[in-house]
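Remarks on the structure that follows.
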2 protein chains.
Amino acid sequence: GAGEGAPPVRLWVRRVGVYCDEHRKTWLVAAEEEAGTLRARIRRVRVPLGEALCPSRLPPSQLPHMWQLSEGEQYRDSNSRIWEIEHHLMVRLGELLLRLMPSD
Amino acid sequence: GAGEGAPPVRLWVRRVGVYCDEHRKTWLVAAEEEAGTLRARIRRVRVPLGEALCPSRLPPSQLPHMWQLSEGEQYRDSNSRIWEIEHHLMVRLGELLLRLMPSD
């Protein structure tokens with residue numbers, strides 16, 4: 001099955017900056033505009049799902065209400081715009097758990 | 001060389017809950033006490049390094065000012081206490097960067 005690293009098939013907006021995928025996992029999305037090119041940086045971050053805001057009640061945004069993975073390395077959004085996957089990477093975070101040994 | 005996932009050789013406290021390693025990378029540290037056993041959960045998280053607080057000005061803590069990796073799967077702290085590595089794992093986080101294609 002799709003691992004933690006697989007790109008989401010669908011992303012729906014939950015509230016400003018927070019999207020949720022088909023597994024109800026949360027993603028933080030930030031718009032980046034540079035030299036007339038709009039990019040969306042989408043990071044898998046565990047945040048409370050919270051209540052979904054109705055998209056019509058969200059403030060105007062350059063970001064869509066929904067993205068859907070399309071054939072090829074692309075997403076199509078709820079405004080029928082095409083987004084190319086520029087990169088899809090895994091950020092590896094180390095976690096260390098230490099246990100204090102009893103002193104003799 | 002040591003990758004992103006290698007355990008740090010030394011960790012120094014910067015401020016409450018934030019430690020920095022020999023590569024000036026930041027780690028968030030939380031104490032967890034359960035049934036008389038003290039554990040330190042140490043996560044590699046990029047936060048601003050900020051100014052280092054003098055350890056003597058930090059509030060009292062069960063956590064040491066410094067850990068140093070020792071032979072075996074252990075750390076020795078600045079109070080000469082021994083900490084066993086209970087686990088060392090990689091948390092994988094996905095990041096997706098999408099670029100809006102120009103509409104023709």
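Tabulated results
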{"quantity": "Restricting the stretch A:2-53 to residues that are among the aromatic types (Phe, Trp, Tyr) and open to solvent by less than 70 Å² (accessible area, probe 1.4 Å), the residue that is farthest from residue A:77 (Cα to Cα)", "calculated": "A:27"}
{"quantity": "Residues being within 16 Å of the chain's Cα centre (by Cα) and open to solvent by 70 Å² or more (accessible area, probe 1.4 Å) - total across the stretch A:54-72", "calculated": "3"}
{"quantity": "Flag if residue B:56 is more than 10 Å from every other protein chain (Cβ to nearest Cβ), over 19 Å from residue A:94 (Cα atoms) and either of a type outside the set (Lys, Arg) or in contact (Cβ under 8 Å) with a residue 60 or more places away in the chain (or both)", "calculated": "yes"}
{"quantity": "Subset of the stretch B:73-82 that is in contact (Cβ under 8 Å) with a residue 12 or more places away in the chain and more than 14 Å from the chain's Cα centre (by Cα) - its residue that is most open to solvent (accessible area, probe 1.4 Å)", "calculated": "B:73"}
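The values are calculated or read from the model by the stated rules, or taken from the named source; none is laboratory data. Here the structure is a predicted model, which is why all the values come from computation and not from measurement. Ideal geometry is used to build each Cβ from the backbone, glycine not excepted, and the neighbour counts take in all protein chains shown. Heads up: the accessible areas ignore ligands, DNA and RNA and are worked out on the full protein's heavy atoms, side chains in. Shrake-Rupley method; radii C 1.70, N 1.55, O 1.52, S 1.80 Å.
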